[in-house]
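The values are calculated or read from the model by the stated rules, or taken from the named source; none is laboratory data. This is a predicted model, so every value here is computed, not measured. With ideal geometry, Cβ positions are generated from the backbone for all residues, glycine too; neighbour counts draw on all protein chains shown. Surface accessibility is based on the protein's heavy atoms, side chains included, excluding ligands, DNA and RNA. Shrake-Rupley method; radii C 1.70, N 1.55, O 1.52, S 1.80 Å.
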Amino acid sequence: AATAPGKKITARLKRTLPVRGPQAPTLSELMRWYCLNTNTHGCRRIVVSRGRLRRLLWIVLTLSAVGLILWQCAELLMNYYSASVSVTVQFQKLPFPAVTICNINPYKYSAMKEYLSELDKETKKALETFYGFSEGKSKVRRSVDDWNSTGSDFFEQIPLLKVEDFSRTATDLHSGQKRKIEGSVFHKDSSIVNSGDSNDIIGFQLCDANNSSECALYTFSSGVNAIQEWYKLHYMNIMAQIPLETKEKFSYSVEDLLLTCFFDGLSCDKRHFTRFHHPLHGNCYTFNSGESGTILSTSTGGSEYGLQVVLYIDEADYNPFLVTSTGAKIMVHDQNEYPFIEDIGTEIETAAATSIGMHFTQSRKLSKPYSDCTETGADIPVENLYNKSYSLQICLHSCFQKAMVESCGCAQYAQPLPAGAEYCNYKKNPNWMYCYYRLHEKFVKEQLGCQQICKDACSFKEWALTTSIAQWPSIVSEDWMLRVLSWDKGQKLNKKLNKTDLANLMVFYKDLNERFISENPANTLVILLSNFGGQLGLWMSCSVVCVIEIVEVFFIDSLSIVMRRQWQRAKKWWHGRQQGGAGAAPGGDVERQGHENPACMDEDLPTFTTALRLPLPQDSPLPRTPPPNYSTLRLETAFTEQLPDTLELGQR
Amino acid sequence: MNLKKYLVRALHRLQKGPGYTYKELLVWYCDNTNTHGPKRIIKEGPKKKLIWFFLTLLFASLVFWQWGILINTYLSYNVTSSLSIGFKTMKFPAVTICNANPFKYSEVKPLLKELDRLIEAALERILQPTPGNSSENMSLPLDMELWNQIPLVLIDEQDKDNPIILDIFETNQTLAGNETAMDNETSVSRLPAVCPQCSHPGSDNCTYRNFSSAAQAVTEWYILQSTSILSKVPLHDRINMGYQAEDMILACLYGAEPCNYKNFTQIYHPDHGNCYIFNWGMDEEALNSSNPGAEFGLKLILDISQQDYIPYLSSAAGARLMLHQQKSFPFLKDQGIYAMAGTETSIGVLVDELERMGYPYSDCTLNGSDVPVKNLYSQYNTSYSIQACLRSCFQNHMVEICGCGHYMFPLPEGVNYCNNEDNPGWAYCYSSLRSSIKQRQICIDSCKETCNDTQYKMTISMADWPSEASEDWIFHILSYERDMSTNVTLDRNGIIKLNIYFQEYNYRTISESAATTIVWLLSSLGGQFGFWMGGSVLCLIEFGEIIIDSLWITIINVISWCKGLKQRRARARYPDAPPTVSELVEAHTNLGFQHEAVGAVPGAEALPPEPGTPPPNYDSLRVQPLDTLGPDSDAD
C-alpha cells in the first residue's frame, strides 16, 4: 500500500510527460534517453549492447576514452604557452653599430700628478719596504724621507698589512708594528688556503668607522693584486672629489686619440665621434653614436667599407699602478645601448692592425607568459640610472647603486649618480669603503636580490666579432708611415712617433646578412581549439554540442528531475495530510486527464511507444482521432532509424 | 522525347526523395545529419529550439571564421626552425692562404720605380714644405706624366669660400672656383691632403677626395696609380711576380698525413696576388675530418718574407687566410682574417649552417640561376654567392658606364681592364660610381642571398712562435729545406704557424621546415569542424546534397507553378474545363505536400465527423503508401 502512490505518480508522470524528451520522469530514464540520443559514440553502445560483459566492456571503453580526452586536452593546455623559433636571414643595407673607443689608461698621468703624487709616493714606499723594489735608489730614498716627514694619510685610512701565517697577527706595512687581527678575514683568492701557509699574505683591513672593533681583512695571494686593489680604492676616493669638467680635461681629447679615420671609403674626422665620459676609462669616443640624428649605414661588406682608424696611445703617459696593460679598449654596441666597456670591451694591441669582422644577429624573445623577460624595463622596480635603453647590466648596476646609496649614504664612483646622491669620498663618508666591500660581497653572493629583480631584455642586438691581428706597420713601410703620421699629428707633437704608440683598428661587416632570430607563439587559440576538436573527435566523436548536452543533461535536467520529485513528494505528503490518508484519485480520472492533458498537444508529442502505452480511451465522448496534421512529425520519425531500438527497448 | 522522359523520371525520383517541401527537407536533414547542432533544433521544445538554432548558427559561423584564419595561416608559408648541435664527420673547409702583400717588391720594382720615386719626392715635399732643401735631392727628373693624371694636392681651407689648392710639385696656387669637393668641410685649419680626380686631365671638371690624414691620401693615391700600372701587365707575368707556393708554404700536415704545396690550388686574387687554396674540391674529392682537435686538423708553416713587401701598398704585414666552402670563391676582403708573423695562430672551427626552404617560404636562391646579374665569377667554376653577385653587379655597371673593367674584379668577355692610357678618366668614373648610393642599392636589390648559408665560426688564439729556446733550430731546418743551404734565411718577421681544426662540437645546423603543411591544414580544419559541430567532410557532402535537393525542389516548384499558371489561364478561358490526362497523372503522382496541405486542411474543417478511423499515428503505415506508390509512378 505504501508503494502504490509512488508508482502511481511515476505512471502519471510517464504519461503526462513524453519519455523521449529530456524531461524524463526518472534519472535512469534520462540517462537512457541521453545515451540513445547523444551524438557521442560509446555511450549508446552501453545501452544498446546486450549481455553484462559486453555492457561492462563498453562502459570501461567509454570511460577510458573520456579519460584520454581529459588527459590529452590537459597536455594541450599545458603546452599552450610554448614558443617556436624562427630564423630569418635578410640581405640588406645594414646600420653600422656605434663603436666606442677608449684608451685603457683613463687620464694623462702627467696631468693627474698633482692629485696622485701623494698616493704614488706611498705606493712606491710600500713596494720598497715589502718587496725591496726600487726604481733608482736615490729617488725612493728621497720619497721615503718626504713621506716620513709628511705622514701617511692613506696608510692610516686603510693600512696595508702583511698577514703572517694563520697566527692571526699582522704586520703593518708602514709602522712595522704587529697587531692582532680581529673580525673576519676575507680571502680574495680561494687558492690561498692551500698555498698560503708558507708565504706571507698581503692584504688590507677595512674597519667600520663607527664601530672600530668591526673590521674585515681582505687578503690576496699576490701582492700585485693587493697593491692594485688598494691603489684603486684610494684612486676612486680621490677621483670622486674632482669635478667632471676637470676630469674631462685631464683625459684624452679626440685629437689626442685619433690619428686617421676612414669610413665607408670616405674620410671622417672628430665630428663623427661623440665624447662619453666613463668613470674608469676617462674620455671614450663613440663613432656613429646617432646623436647627430643620423645613423650611418653600410651597403657593402668588407674591410675597405668599414671603419678604419689609427689610434695614438701615448704609452709614456700611463699611470703605472692603475693600469698595467697598454692599448685601447673598444666596444661595438647599439646606439641605444650603454657601453659597459669595463665589462665587455675588446682590448686591442699597439703596433698591430686589429681587424674585426662583424656579423649581425638580432634576437627577439616573447615576453610574458612565454618567458620571463621585459620589453622596456618599465615593469622592473629598479630605476634606470643610465640614460639608455634597458639591459640586464644596466639593471644590475642601477640596483647595486641604489643599495649603495641606501646603506652607505653615498654613491659608488663607477656608476652614475641617482638623483640627490653624491659620490663617496673619505672626507664626507669615512665609512664608505668598508660599507662598499660588505655590500659588494653581498651583491656577488646574490643576497641583495638584484639578480632576482632584474630580468633580461626581450630583444637584443648582437654583433659577433671575429678578431684577428696583423703586424702593423710592416717593416718596410714603418719608416714612411711613422713619418707621415707624425706629420698628420702636427705641431702639437714634438717627438717622433713610435710604433708602439699606435694601434690600427678596422671594424667592418663581414657580410650584410642580418640574422633575425625570433620566437613566435607555437600555438594560437585557433590551433588549440582545432587540437581539442581533433582529440574529442578521435576518441568519442564529440564536439562542443556534446559538451553542452552533457551540461544540460547531467546538471540542469538531472537537477530538475530531482527537484520535481522532491516537489511531488512534498505535495503528496501535504495532500495526504489534508485528506487524512485517503486514497489517491481514481485511476481513470488520471488517465483521462492524461489523455486530455495539453502536454499531448504540444510539440513533444507522444511517440509510438507512448502511444502504445496509452490505454484505449473507451469511455471518451469522442472516440475520434485528432486530425492527422502531424505530417512533419510523422515524416521525421519515418526516417529515424533508431525507432526500432526505442520500440524494442520500450517494450522490454 | 527521351529527354522529357528522363526529366519526368528525374522529377519523380526526386519526389520519392527525402523531402517534398523545403521545410520537410530541412527537417529531414536536421534529423539525419551527422553534424551535432541541427538535430537538437528539431528535437527540443520551442524555447530550446530557439536556443539551439542560435547556437548552431553561432557554431557554424565560428567554424567558418576559424577556417578562414587557418587557411590564411597556411598561405603565409611559415617555417619552423630546428637546431642541431654536435660532432660529425664533416668536409674540412677549404682554406685559402694569401700574403697580405700581392707581389714581391724585388720583382715589381722595375715597374713601380718611377712611381716610387715620385711618391718619395712627394712625401719629402709634404713633410718639409720649405722648398729650399728638397729640390737638390732630386737627381733624376720625375715622371710627371703619372703625376699629372692624378696629382696629390693640398687644400688650404682657412678661407672656407675660397679654398686654395696647392699642387705639391708646383708652387703656383690655384684658386678653385668650381671645385666640387666630395667632403668639402674640414675644420682642420692646416692643409689636408687631397687627391683629386678629373674627368679629363686638365679639364676643370674635377672631384677632390678629401682625406683628413696624409697617410691615407698617399696610400689611396698609390693604390690608384699602381693599379693602373699593373693592369697592363699580362696575367701570366703577374702570377710570376707574386709569391710562389714552394716559397710560401714551408710545411704542411693534415691529420697525420704529410702534405705539401702541391696539395694547394693556385688562384690569382687581385687584392693579394697569388693565393693558395687547400681542399678546394675542384679536381679531387674534398677531405673529411672525423676527429676534433688540433692533432687532426691542418697544420701549416708559412713564410711571408716581410722584407720583400711593397712599402707603400700594404702597411699591414701578415698572412691573410679564409675558410670557405668547397667550390666557392674566397672573398678575402670580406671574410678573411689575418695571421701575425712570429706567432702560432690556432683556429678552432665550428660550422654554422643555415638551411632554408626556397620559394615561397623565403626569398632566397638555390644556385643563383634566377638572379638577373651575370655572375662573372663563374669563370673560376665557383658556385654562386652573394658577394660574387654584388661584385659582378658592380663590374657590369662599371663596364657599362666607364667602358672598362676594374682591376679588382673579373672581366666580362671582350672588355679590358682600365688603365690611364686607354681610359684617362677612369679613376673619376670609378670613384663616382663607387660612392654612388643608387648603384649600391640597385645591386643589393637585384642580388639574392643563397638558401644554404654556411659560416665558419672561428675561435682564434695566438701564441709566440717559435719560442726563444727553439727558434734557432727551427729557422735553420726550415731555411735548409727551402734553399738547400745552411744559411738561415728566415726570421721571426716572416714566419707563421697555423693550426686549423674542428672544435669538439663542429656543427650547428639550423634547418627550416614548413610549419604548415597540407596535412596540418586538413587536420586543423577537421579539428575545428569537429570541435564545434562534430562534423566531417561527409557532413559537407550531405550539406551539398541538400542544396542540390532544394534546387530540385525549386525547379519542380517553378515548373508546377508555371503549369498552374497555364491551367489557371486555361481555366479562365474555359472555367469548367475537364482536367487533362497529364493533369490527372500529375495529381496522382505528385504527392507534394503543398497540394495536400492546401487541400487537406480546409477539407478537414469542412468534413463532417466520421466514425472511428483508427488513429493513423503509425509511422510505419505512413511509409508504406510512399513505397507502394513508387512503382506506380515509375510505371508512368
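So that you can scan it fast, the table gives a plain yes or no per residue for (1) of a type in the set (Ser, Thr, Tyr); (2) within 9 Å of chain B (Cβ to nearest Cβ); (3) within 30 Å of A:GLN241 (Cβ to Cβ); (4) crowded, with 18+ Cβ neighbours inside 10 Å:
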{"position": "A:GLU446", "(1), (2), (3), (4)": "no, no, no, no"}
{"position": "A:TRP472", "(1), (2), (3), (4)": "no, yes, no, yes"}
{"position": "A:SER477", "(1), (2), (3), (4)": "yes, yes, no, yes"}
{"position": "A:MET481", "(1), (2), (3), (4)": "no, yes, no, yes"}
{"position": "A:VAL484", "(1), (2), (3), (4)": "no, yes, no, yes"}
{"position": "A:ASP488", "(1), (2), (3), (4)": "no, yes, no, yes"}
*asked:* Which count do you get for residues in the stretch B:296-322 that are closer than 21 Å to B:PHE502 by Cα and either more than 13 Å from chain A (Cβ to nearest Cβ) or in contact with a Gly (Cβ under 9 Å, 6 or more places away or on another chain) (or both)?
replied: 10
*Qualifying positions in the stretch B:348-397 - of a type in the set (A, V, I, L, M), in a helix (DSSP H, G or I) and within 14 Å of chain A (Cβ to nearest Cβ)*: B:ILE386, B:ALA388, B:LEU390
*Can you work out which of the residues in the stretch B:510-530 that are in contact (Cβ under 8 Å) with a residue 24 or more places away in the chain and not hydrophobic (A, V, I, L, M, F, W, C) is most open to solvent (accessible area, probe 1.4 Å)?*
B:SER513
*Among what's in the stretch B:422-449 and is in contact (Cβ under 8 Å) with a residue 60 or more places away in the chain and assigned to a loop (DSSP other than H, G, I, E, B), pick the residue that is surrounded by the most Cβ atoms within 10 Å (Cβ to Cβ).*
B:CYS447
*Among the candidates B:LEU75, B:LEU83, B:LEU57, B:LEU50, which residue alone is within 11 Å of chain A (Cβ to nearest Cβ) and either among the β-branched types (Val, Ile, Thr) or surrounded by fewer than 19 Cβ atoms within 10 Å (Cβ to Cβ) (or both)?*
B:LEU83
*Failed condition for B:LEU250, given (1) open to solvent by less than 20 Å² (accessible area, probe 1.4 Å); (2) in contact with an Asp or Glu (Cβ under 6 Å, 6 or more places away or on another chain); (3) at pLDDT 75 or above, with all others met?*
(1)
*Residues of the stretch B:467-509 that turn out to be open to solvent by 20 Å² or more (accessible area, probe 1.4 Å), over 30 Å from B:SER82 (Cβ atoms) and part of a strand (DSSP E or B), as a count*: 1
*With (1) in contact (Cβ under 8 Å) with a residue 24 or more places away in the chain; (2) β-branched (Val, Ile, Thr); (3) open to solvent by 50 Å² or more (accessible area, probe 1.4 Å); (4) within 14 Å of chain B (Cβ to nearest Cβ) as the list, and A:THR298 as the residue in question, which single condition is left unmet?*
(3)
_Count of the stretch A:219-249 residues which are assigned to a helix (DSSP H, G or I), open to solvent by 60 Å² or more (accessible area, probe 1.4 Å) and polar (S, T, N, Q)_ = 1
*asked:* Condition first: of a type outside the set (Val, Ile, Thr), within 11 Å of another protein chain (Cβ to nearest Cβ), open to solvent by 20 Å² or more (accessible area, probe 1.4 Å) and not in a strand (DSSP E or B). Can you find one or more residues in the stretch A:500-520 that meet it?
replied: yes
_Quick test of your reading of the structure: B:ILE437 fulfils all but one of (1) within 22 Å of B:PHE329 (Cβ to Cβ); (2) within 11 Å of chain A (Cβ to nearest Cβ). Name the failing condition by number._
(1)
*A:VAL562 being of a type in the set (Val, Ile, Thr), over 30 Å from B:LYS333 (Cα atoms), within 12 Å of another protein chain (Cβ to nearest Cβ) and touching a residue at least 12 places away in the same chain (Cβ under 8 Å)*: no
*Go through (1) part of a loop (DSSP other than H, G, I, E, B); (2) open to solvent by less than 50 Å² (accessible area, probe 1.4 Å) one by one and return the number of the condition A:SER355 breaks.*
(1)
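A quick yes/no check of all residues on (1) over 30 Å from A:PHE133 (Cα atoms); (2) touching a His at 6+ places or on another chain (Cβ under 6 Å); (3) modelled with pLDDT of 90 or more; (4) of a type outside the set (Gly, Ala, Ser):
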residue: A:ILE344; (1), (2), (3), (4): yes, no, no, yes
residue: A:GLU347; (1), (2), (3), (4): no, no, yes, yes
residue: A:ILE356; (1), (2), (3), (4): yes, no, yes, yes
residue: A:CYS373; (1), (2), (3), (4): yes, no, no, yes
_Test of understanding: among B:ASP483, B:ASP464, which residue is in the same structural domain as B:LEU350 (by the TED database), modelled with pLDDT under 85 and within 23 Å of B:ASP308 (Cα to Cα)?_
B:ASP483
*Would you mind telling me which numbered condition in (1) within 30 Å of B:GLU285 (Cβ to Cβ); (2) surrounded by fewer than 19 Cβ atoms within 10 Å (Cβ to Cβ) B:PHE92 fails?*
(2)
*So which of B:LEU313, B:LEU321, B:LEU332, B:LEU350 ends up being open to solvent by 10 Å² or more (accessible area, probe 1.4 Å) and closer than 27 Å to A:GLN308 by Cα?*
B:LEU313
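For the stretch B:269-281, state whether one or more residues are touching a Gly at 6+ places or on another chain (Cβ under 6 Å) and not acidic (Asp, Glu).
yes
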*Do any strands (runs of 3 or more DSSP E) entirely within the stretch B:214-311 hold 1 or more residues that are under 24 Å from B:TYR417 (Cβ atoms), and if so, which?*
B:264-269, B:273-278
*Selection status of B:GLN395, open to solvent by 40 Å² or more (accessible area, probe 1.4 Å) and either closer than 30 Å to B:TRP426 by Cα or basic (Lys, Arg) (or both)*: no
*Right, A:LEU280: modelled with pLDDT under 85, under 39 Å from the mean Cα position of the chain (by Cα) and either open to solvent by 20 Å² or more (accessible area, probe 1.4 Å) or closer than 21 Å to A:TRP487 by Cα (or both) or not?*
yes
*Please specify each residue of the stretch B:258-276 satisfying the condition of being open to solvent by 50 Å² or more (accessible area, probe 1.4 Å) and either of a type in the set (Asp, Glu) or under 25 Å from B:ILE310 (Cα atoms) (or both).*
B:TYR261, B:GLN266
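In this structure, does B:VAL108 turn out to be more than 10 Å from every other protein chain (Cβ to nearest Cβ), assigned to a strand (DSSP E or B) and open to solvent by less than 10 Å² (accessible area, probe 1.4 Å)?
Criteria not met by B:VAL108.
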*Give just the number: which of (1) open to solvent by 50 Å² or more (accessible area, probe 1.4 Å); (2) more than 14 Å from chain A (Cβ to nearest Cβ); (3) in contact (Cβ under 8 Å) with a residue 40 or more places away in the chain does B:GLY414 not satisfy?*
(3)
